[in-house]
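In what follows, a single structure is set out as C-alpha cells and then discussed.
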Amino acid sequence: MSNVKIANVLNNLPLIFERNIGQYDNKVQFVLNKKECTTFFTDKEIVLAFRSNEKIQELKELDSSNLYNTSLRKMEEYQINVLRVCFKSSNKIPQIIGKNEFNCTLNYFKGEDISNWKCSIPLYEKLLYKEIYNGIDILYYEREGVIKWDFIVEPNKNINNILLNLNGANNIELDDNGDINVNIKERILKISKPEAYQNNNDEKIESSFGIDEDGNIKFNISNYNEEDSLTITISVSFDNFNSTCVVDRANSIAVDEKNCVYITGEVGFQNFPDKKIYKNVLSGKDYGAFLVKIDTTKKGQSALKYAAYIGGEGIDEAVGIAVDNEKNAYIVGATNSIYEFPVTEKSYAYSYPGGSKTGFLIKIDTKKVGLSSLVYGTYLGGNSYDYAYSVAIDKEKNVYVVGLTNSNFGFPISESAYEKNNDDAVDVGFLLKLDINKERKDALLYGTYFGGNDSTSFSALAVDDNGYVYVTGVTQSKDFPVTQNAYETKFEGGLSSAFISKFNLNKTGKESLIYSSFLCGDGEEAGYGIAVDSRECAYITGVTNSLNNFPITQNAFQNSISNIEGSGFLIKINTQLSGEKGLAYGSYIDGNGSDVCSDIKIDYNNYVYICGFTTSTDFPVNSYENGWVKNGYNSFLLKLDINKERRKALLLGTFLRENINDFALGLALDNELNTYITGYAHSISEDRSKEKEGYYEESSISIMKVSTRICNLSIEKSQYNIDVEPGGKTQYEINIINNGPDVATDIRITDVLGRGITVKEISVSKGSIHQLGKEIIWKVSELNIGESAKATIKIRVLINSEISEKETFINVNDNIYCSKSSI
C-alpha cells in the first residue's frame with residue numbers, strides 16, 4: 001500500500017504567548033509554554049524553566065484492569081532548573097507587546113470561587129520587547145518550528161549596547177560553527193550564529209557572536225550602513241531537553257461536524273521560579289485537566305478555537321469527552337481537589353463527597369467566551385474513591401457516565417437502580433444518567449452500582465439511537481451479572497474477564513439489564529473501547545492474553561496469538577440474538593510483542609477503526625510510511641472490513657510514529673472518514689537509554705489526523721485512430737470507476753495532450769472538464785462505490801503529431817487515499 005496521509009494536528013498551531021492577568025506571579029507579563037521548557041517574560045529578564053534529570057519516572061507495566069491507571073503517571077516531585085537571560089544595562093521598563101492576537105482566548109477554571117477564575121486571557125503569535133535598548137526592539141516568534149529572536153536596530157543606534165547575560169548555565173562556549181552552546185545540567189541550549197540583514201532583508205551582513213571578559217554575549221557586525229535599519233536574527237533550539245512536566249497527556253478526543261477536534265487530558269503547570277534560587281520543585285499539585293478545541297481545516301491563529309484549564313488545589317485528571325451538536329463539550333474524570341474545584345451553584349453535588357478521589361462532570365460551551373463558557377460542573381462520588389472514565393450524550397442531551405467506585409455510602413444511586421448497594425465496599429462499576437438542565441438531586445435520572453463480589457470497572461460506553469446503553473470494561477467477579485441470553489454466562493478463565501452489558505434505562509431494577517455476557521478465555525482480558533451500530537450490535541476492543549477458549553470466529557482476521565505478553569482483540573456481539581448466535585465476529589489483533597487496543601469507532605458502512613499501541617515487530621499493517629520503532633511502543637491505527645475473511649479484512653493499517661514510545665488512547669472519526677488519534681508520547685535520550693533502559697524522561701501530548709478514506713480507483717484511456725489523415729478528426733475516451741470500499745471525493749484527472757493535437761470538443765458524463773494549455777482537466781466531486789464516469793475528447797490531428805497514450809493521471813484531495821490507479 002502507498003503512503004497514508006498522516007498529519008500532526010499540533011503542527012497547525014503557532015507559538016502561543018499567554019498574557020499574565022493574575023494566573024502567574026505579578027512580575028511576569030507573558031508566558032510561553034513549550035514541550036521543552038516554560039518561558040517567562042518579565043521587564044528585566046527572560047526566564048526559562050525546564051525539568052532536570054534528578055528524578056526519573058519508570059514506565060510501569062500496563063495494568064490490564066485499567067487503561068488509565070494512575071500508576072502510569074505517578075505524581076512525583078521533580079527539580080526544575082532555571083536559565084535567566086538578562087539584558088545588561090537595558091531600559092528599566094521596556095514595553096512588552098503581544099503581536100498577532102488570536103481570536104481564541106484562554107480560561108483558567110481553577111478553584112471554587114468564581115471571582116478568582118482568570119478568563120478571556122489574550123493569546124498572541126509573536127511577542128515584542130519595545131525599546132529594550134534605546135532604538136532597539138526584540139521580536140520573538142517561530143518559523144518552521146524554530147524559535148527566532150529578531151533584534152531590530154533603528155538607524156544610527158549602537159548595537160554594542162546589546163549584552164546578554166545568561167545566569168544559571170554551567171558553561172557557555174562558542175563552537176567552531178559560530179554557535180553558542182549553553183550547558184545546563186548536561187543539557188544543551190543552542191543559540192545559532194547570528195544572521196544580519198539590511199535593505200528590507202535583501203542584503204546579508206557578515207555577523208558573529210562575541211563573549212566579553214564578564215561572560216556576556218554580544219554581536220560583532222562588520223561593514224554595515226549605520227544610516228539604515230539593521231535586523232539581527234538568532235535561532236534558539238533545545239538539544240536533549242526534558243519537558244517541564246512528565247505527565248502531559250491527552251486521554252480522549254471527539255470531533256464535530258465542522259472537523260473541529262476536542263481534546264482533554266491533564267498537563268503540568270510550571271510556576272514562576274523564585275529569583276533567589278535557581279531550582280524549583282514541580283509536584284503533583286501542579287497538574288490539572290484541560291480542554292482544547294482545534295479546527296483541523298485551518299492553520300495558524302485561526303486553528304485554535306477554545307482553550308481552558310480546569311481544576312482545583314489537588315490533582316485533576318480528565319479521562320473522557322463527548323461533544324453534542326451545539327458544540328458543547330462534556331468532560332469526565334477524577335479529582336482530589338476538595339475546596340477549589342470549579343463546581344457550579346446548582347449542580348448535582350456542590351460539595352466534595354469524601355474519599356481519596358471523586359469523579360467529576362464538566363460541561364463547556366465552546367461557542368462562548370470566558371466565564372460564561374463553563375455551563376456546568378459537579379462532583380460525582382461517594383465516601384470512598386471514585387473514577388469517571390467515559391461519557392456519552394443522547395439525542396435529548398442527557399448525559400451518561402460510567403466508571404469505577406469503591407463507595408458504599410453517598411454515591412448517586414437512584415430508586416430505579418439495577419443494584420442499590422455496595423455493602424462490602426468492593427470496586428464496582430457504575431452507570432449514571434443525568435439531565436443537567438435540572439437542579440441538584442433532580443438531575444439524577446438513573447444511577448446504579450454494577451459488579452460482583454470482586455473488582456469490576458466500567459471503561460467505556462456507547463448509546464444507540466433507541467437510547468440503549470452499552471458498556472464494556474473488566475471484572476474479576478465470578479458472580480458478575482449476566483443474562484440468560486448471554487453469549488458466555490460463565491467466567492472460568494484467568495484473573496479477569498472483559499464483558500459487554502446492555503441497559504434499557506426506561507426500565508427499573510433487574511429489568512433494566514437486557515443483555516450481559518462475559519468475553520473471556522483461559523487468560524486475562526479487559527475491554528477498553530466500545531461502539532454500536534444501528535442493528536444493536538456492539539463492537540468491543542481491548543486486551544487479552546488468552547491462548548485458548550477466547551471467542552474467535554471462523555472468519556477471524558487473526559485466529560491465534562503468538563505469545564502471552566498481551567494481544568488486542570475485536571469482538572462483535574449481536575445483542576438481539578441469544579447464546580453462541582450472538583457472536584458475530586471475534587478476532588485477535590496481534591503480533592510477536594505486547595499489543596493493546598485502546599479505542600474503537602465504526603463508520604456508516606460498519607467498517608471498524610481501532611487505535612492502540614504495540615511493541616510487535618510484525619504487527620499487521622499494510623502501510624510502512626511510518627515504520628516500527630525499535631525497543632519501544634508504537635501507536636497504530638487499523639481500518640477493518642470484518643465482512644471479509646482473514647487478512648482481506650485489513651483495509652488500512654499504519655503506525656503513527658511521532659516518538660520513541662507512542663501511546664494512542666483516544667479515537668474520533670469525522671463525516672469525511674478522517675480519523676483523529678490522541679494520546680501521549682514518551683521519549684528518552686540515547687545516552688541515558690544505555691544507562692537506564694526502561695526509564696523515560698518526558699511525556700507530551702500527541703494529536704494525529706489520518707485520512708482513512710480508501711478508494712480503489714481504476715482509469716482506462718481508449719486508443720484513438722492513429723491512421724487518421726493530417727487535419728482529420730478522431731476521438732478517445734477516459735473512463736474511471738470507483739471500486740471502493742469508500743466513496744471517492746474531489747477527484748481531479750489530468751490528461752496531457754501530445755504535440756500537434758488540437759481539441760475540438762470535450763464532454764463528460766459526470767463532473768466538469770476544461771482545457772488548460774496542453775492539459776485536459778476533469779474534476780469529479782463525488783463518485784460512489786461501483787460508480788463509473790466517462791469523458792469524451794474529440795480532437796483534430798495535425799501534421800507531425802505526437803500521440804500520447806499514457807500521460808493521464810489522477811490527483812485527489814487530501815482526504816482520499818488511492819490504493820490503485822491504472823491506465
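A few notes on this one:
- Some residue of region 149-161 being in the same structural domain as Asp43 (by TED's automatic domain parsing) and under 35 Å from the mean Cα position of the chain (by Cα): yes
- Test: residue in region 113-124 that is touching a helix residue (DSSP H, G or I) at 6+ places or on another chain (Cβ under 6 Å) and either free of Cβ contacts under 8 Å to residues at least 24 places away in the same chain or assigned to a strand (DSSP E or B) (or both): yes
- Residue pairs whose Cβ atoms lie under 9 Å apart, sitting 6 or more positions apart in sequence or on different chains, and linking a residue in region 214-237 that is at positive phi to a partner that is of a type in the set (Phe, Trp, Tyr) and exposed (fewer than 14 other Cβ atoms within 10 Å of the Cβ), do not occur here.
- Condition met for Ile810 (at pLDDT below 85, in a strand (DSSP E or B), closer than 28 Å to Leu650 by Cβ and among the aliphatic types (A, V, I, L, M)): yes
- Any chance Ser497 is under 19 Å from Thr541 (Cβ atoms), buried (at least 23 other Cβ atoms within 10 Å of the Cβ) and at pLDDT 95 or above: no
- Qualifying residue in region 164-176 (condition: under 30 Å from Gln301 (Cβ atoms), in a strand (DSSP E or B) and touching a Leu at 6+ places or on another chain (Cβ under 6 Å)): no
- Residue tally, condition outside any loop (DSSP other than H, G, I, E, B) and among the hydroxyl-bearing types (Ser, Thr, Tyr), over region 87-112: 1
- One residue stands out among those in region 1-32 that are of a type outside the set (A, V, I, L, M), at pLDDT 85 or above and outside any loop (DSSP other than H, G, I, E, B): the one that is farthest from Lys99 (Cα to Cα), which is Gln29.
- Of the criteria (1) in a loop (DSSP other than H, G, I, E, B); (2) surrounded by fewer than 19 Cβ atoms within 10 Å (Cβ to Cβ), which one Lys581 fails: (1)
- Qualifying residue in region 481-490 (condition: under 21 Å from Val426 (Cα atoms) and within 28 Å of the chain's Cα centre (by Cα)): no
- Positions within region 319-344 being more than 18 Å from Lys368 (Cβ to Cβ) and among the β-branched types (Val, Ile, Thr), in sequence order: Val319, Val332, Thr335, Ile338, Val343
The values are calculated or read from the model by the stated rules, or taken from the named source; none is laboratory data. None of these values were measured; they are calculated from a predicted model. Methodologically, a virtual Cβ is constructed for each residue, glycine included, from the backbone with ideal geometry; neighbour enumeration extends over all protein chains shown.
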